[in-house]
Amino acid sequence: MFQINENYQKLPGSYLFSTIAKKVNAYQQANPDKNIIRLGIGDVTQPLAPAIIDALHKSVDEMGHAETFRGYAPDLGYEFLRKAIVDNDYKQRGCQVEIDEVFISDGAKSDSGNIQEIFAESNRIAVCDPVYPVYVDSNVMAGRTGTYDKGTETWSNVIYMPCTAENNFVPEFPKETPDMIYLCLPNNPTGTTLTKDQLQQWVDYANRVGAVIIYDAAYEAYISEDDVAHSIYECEGARTCAIELRSFSKNAGFTGVRLGFTVVPKDLKCGDVSLNAMWARRHGTKFNGAPYIVQRAGEAVYSDEGKAQLKEQVAYYMRNAKTIKEGLKDAGYTVFGGVNAPYIWLKTPDQMTSWEFFDYLLENANVVGTPGSGFGPSGEGYFRLTAFGNYENTLKALERIKAL
Ligand SMILES: Cc1ncc(COP(=O)(O)O)c(C=O)c1O
């Protein structure tokens, strides 16, 4: 009789977005005349930029001719895209990253879930709290997290690093030494980030204790402040302790197109074993390459037109972020984030729990957001609004919240 991976049974249900959807649907059915504005899920709303559409059309046409048709892509990605990434994302920022250190994938969710596979089951992970849930859940599936305590909503073998207003959303070095440290900067869900100096301290810490940092930079394009690093490789010593994950979803609207990449430096080693070689082996065995047309679309992100158009797209969302942040402040809310990330993290008023505020906002302003407690226990008492809506709806939502 076959046995299942029992670790899956340990996972508490991921009810966050399905509970939100159920509540919103029930409210809409009971109030069909109400116009609900959704500022909950972190999906983009603006269409793909013209430079990307052109690249897609062109490469689709290539696929229709025997001379230019492409079959399987190289497992690790086409050289044209890997080179564009190295030149634009790294060389131009003074970071040393080589082409064979860049692994193209179908997005940062897969990579952030898969990367733990190349590490021992006995490794102890450290995560920020609140956190993007994939980091913890993928380690639960691998049997690395111990037992779940429903009361505290924590795992016995996970080191949690609370990030709240009290520590200015800067995680402190944990008392127990972790082996793998997940950092998402700029952060989802809090919309906050670290300065380059603060990040450098984490790199120094990881090198000192022999930990690896899994650095998720999915929101890098939203950084507006000069003292914030766009890549962890801007920090000295990061090549011996850090893996960086990137996504085309939020900087270029690829949530439905699917493209991302991971950088594993050749200097990152466990004894004599190169993690770069391990990830190449894993990628080559389990992944058959991102589609040619999508990689051409990714290349267009780095063209002059692409860059100009995407700068505008990011600015569009960041205007929403500013509108939400300033509007909420005017209305007396305590707000965080929204300067280097497209998320606004607010303190719920009047001691409401995250879910109480969710209901209050839905029923009284017909606005949907995401309860902070859904991202971890330290998210309780907070609430996330996204800047990924359209501008008109964002303005309308703020008018309604201000009128409460
Ligand atoms: C922190 C973080 N990492 C990764 C992802 C997923 O990125 P992708 O669409 O490339 O899979 C998201 C998406 O919301 C995210 O918030």
Sorted by chain and number, the residues with a modelled amide H under 5 Å from that of Ser247, at a separation of 5 or more or across chains, are Phe261
Taking Ile20, Ile232 and counting other beta carbon atoms within 10 angstrom, the fewest-first order is Ile20, Ile232
Plugging the Cβ-Cβ distance of Glu6 and Tyr72 into 1/(1 + (r/R0)^6) at R0 = 30 Å yields, to the nearest 0.05, a FRET efficiency of 0.30
Relative contact order of segment 53-304 (C-alpha contacts under 8 Å, at least 6 apart) in percent is 26
Contour minus Cα-Cα span, Lys307 to Thr240, at 0.36 nm per residue, comes to 21.1 nm
Summed over the other residues with a beta carbon less than 14 angstrom from that of Glu356, with K and R at +1 and D and E at -1, the charge totals -2
Between Ala403 and Arg319, Cβ-based FRET efficiency (R0 35 Å, step 0.05) works out to 0.95
Pairs over 22 Å Cα to Cα, from Lys322/Lys347; Lys109/Lys329; Lys325/Lys402; Lys196/Lys347; Lys250/Lys322, come to Lys109/Lys329; Lys196/Lys347
Ranked on Cβ counts within 10 Å of their own Cβ, fewest leading, Phe17, Phe383, Phe357 go Phe17, Phe357, Phe383
Taking N as the number of residues in segment 201-290, the ratio of its alpha carbon radius of gyration to 2.2 N^0.38 Å works out to 1.19
Total charge of the residues flanking Ser231 in space, meaning their Cβ is under 9 Å from its Cβ, with Lys and Arg +1 and Asp and Glu -1, is -2
By Cβ neighbour count within 10 Å, fewest first, Cys235, Cys270, Cys184 rank Cys270, Cys235, Cys184
At R0 = 25 Å the Cβ-Cβ FRET efficiency linking Lys286 and Lys58, nearest 0.05, sits at 0.25
Under a Gaussian network model of the chain whose springs join Cα atoms within less than 10 Å, the largest fluctuation of Lys58, Lys175, Lys266 belongs to Lys175
For Ile213, the residues 5 or more places away or on another chain with a placed amide H closer than 5 Å to its own amide H are Ile181, Ala242, Ile243
Whole-Å distance linking the alpha carbon centroid of segment 267-327 with that of segment 48-91 is 14
Residue-normalised 222 nm signal for the chain, counting each DSSP H run of n ≥ 4 as -39,500 (n - 2.57), nearest 500 deg cm²/dmol, is -11000 deg cm²/dmol
For Tyr27, placing the label point 7 angstrom along Cα-to-beta-carbon and taking segment 380-394, residues whose amide nitrogen sits under 15 Å are 383-386
Going residue by residue through segment 302-313, the Karplus relation 6.51 cos²θ - 1.76 cosθ + 1.60 with θ = phi - 60° gives ³J(HN,Hα) values, rounded to whole Hz and with x marking Gly or Pro, of 9, 6, 4, 5, x, 4, 5, 5, 6, 4, 5, 5
Scalar couplings 3J(HN,Hα) for segment 253-260 by Karplus 6.51 cos²θ - 1.76 cosθ + 1.60 (θ = phi - 60°), nearest whole Hz, x for Gly and Pro, are x, 8, 4, x, 8, 6, 6, x
For 365-377, 38-50, ranked highest to lowest by mean beta-carbon neighbours within 10 Å, the order is 365-377, 38-50
Any residue on another chain or 5+ positions along whose placed amide H is under 5 Å from the amide H of Thr192 is listed here as Asn187
Cα-based Debye curve of the chain sampled at q = 0.08, 0.11, 0.13 Å⁻¹ gives log₁₀ I(q)/I(0) of -0.44, -0.84, -1.17
Karplus-derived 3J(HN,Hα) from phi for segment 231-236 (6.51 cos²θ - 1.76 cosθ + 1.60, θ = phi - 60°), whole Hz, x at Gly and Pro, runs 9, 5, 6, 6, 8, 5
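Throughout, read-outs are computed from the coordinates displayed, never taken from laboratory work. Since we're looking at a predicted model, the values are computed, not measured. Methodologically, a virtual Cβ is constructed for each residue, glycine included, from the backbone with ideal geometry; neighbour enumeration extends over all protein chains shown.
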